[in-house]
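All remarks here apply to the structure that follows.
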């Protein structure tokens with residue numbers, strides 16, 4: 001059964017943590033100095049656990065933001081999470097014969113498969129952003145603004161991860177061997193869609209240079225998702241005479257429309273899948289062609305001071321690397 005994956009289907013909206021009625025930040029903070037850029041440095045004061053609870057609440061809001069902007073790429077990638085990953089990860093590949101079993105006759109010799117030398121590497125890249133709490137927050141007790149900004153950090157982080165993993169597929173320049181044109185010979189639009197997907201699967205399987213035999217994940221725009229869903233429904237529909245095993249070969253359909261965000265005067269836009277285009281990605285060699293490396297997930301690393309005592313600035317960073325080989329894995333399809 002095909003699984004449909006999109007932001008709208010996976011997004012979760014968690015309630016914000018309410019501040020206690022009558023809470024005044026001034027009662028829990030003391031200004032201890034100024035930074036070179038004019039920012040104010042505040043320290044949590046008192047014998048209670050307010051400072052620790054502030055950091056725990058902050059982490060909850062950031063993670064809640066990540067739930068609002070879910071990760072979409074995971075079915076496509078073989079994910080390695082290891083803090084010992086080097087700065088440049090070698091992409092090791094099995095030799096040309098990969099792994100095969102051969103009959104061993106009496107006195108015969110067992111043949112060994114070997115890991116070939118690394119021909120490619122992927123860098124582990126460092127990503128970071130920071131939260132800064134202004135003096136106005138303290139003076140005017142603007143607590144209603146705090147969770148919104150903290151959640152945006154989580155949203156922006158997951159949007160970045162989706163971009164890092166999906167843009168290599170979307171931005172790749174495909175040649176004729178990895179392209180399929182729309183088929184319009186069907187009796188209905190739904191039938192045209194199924195015939196087109198079937199043609200893409202056949203082209204992938206029959207490519208002698210880079211055979212892509214599936215099973216497959218289909219990456220589309222949300223503008224085409226409903227029609228793709230109708231085409232992949234197993235239940236016969238009125239006016240649709242064609243049924244195909246292509247329906248079972250496509251295990252996942254991911255809808256990705258990109259993302260845009262702003263920090264002050266700086267805006268960033270991640271381009272999603274264009275309407276009318278789809279990418280048929282074979283998962284047969286996912287462990288070789290589509291690899292994601294996580295050295296460090298999103299963590300609070302940027303404060304020199306004890307984070308349970310100071311609240312002036314908080315920097316969150318992460319380390320990720322992505323390797324994708326669309327030539328060996330992907331068919332670009334023009335949809336009808």
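We did not get these values from a lab; they are worked out from the coordinates using the rules stated. Bear in mind that the values here come from a model prediction, so they are computed numbers and not experimental data. Cβ: placed from backbone, ideal geometry, glycine included. Neighbour counts: every protein chain shown.
Results, tabulated for the structure shown:
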{"read-out": "Residue exposure sequence - 322, 52 - by fewest surrounding Cβ within 10 Å", "value": "52, 322"}
{"read-out": "Hydrodynamic radius of segment 44-86 per Kirkwood, over alpha carbon pairs, in Å", "value": "13.8"}
{"read-out": "Residue 334 versus residue 275: modelled label distance in nm, points set 7 Å from Cα along the beta carbon direction", "value": "1.8"}
{"read-out": "Förster radius 25 Å - calculated FRET efficiency between residue 268 and residue 87, Cβ distance, rounded to 0.05", "value": "0.50"}
{"read-out": "Packing-based exposure ordering (other Cβ within 10 Å, fewest first) of 82, 192", "value": "82, 192"}
{"read-out": "Length added when fully stretched, residue 173-residue 248, from 0.36 nm per residue minus Cα-Cα", "value": "24.2 nm"}
{"read-out": "Proxy reagent accessibility, fewest Cβ within 10 Å first, across 30, 291, 125, 151", "value": "30, 125, 291, 151"}
{"read-out": "Simple spin-label estimate for residue 27 and residue 222 in nanometres, 7 Å along Cα-Cβ", "value": "4.3"}
{"read-out": "Förster radius 41 Å - calculated FRET efficiency between residue 34 and residue 9 (Cβ-Cβ, nearest 0.05)", "value": "0.30"}
{"read-out": "Using alpha carbons only: equivalent-ellipsoid semi-axes of segment 176-297, gyration tensor based, whole Å", "value": "29, 20, 13"}
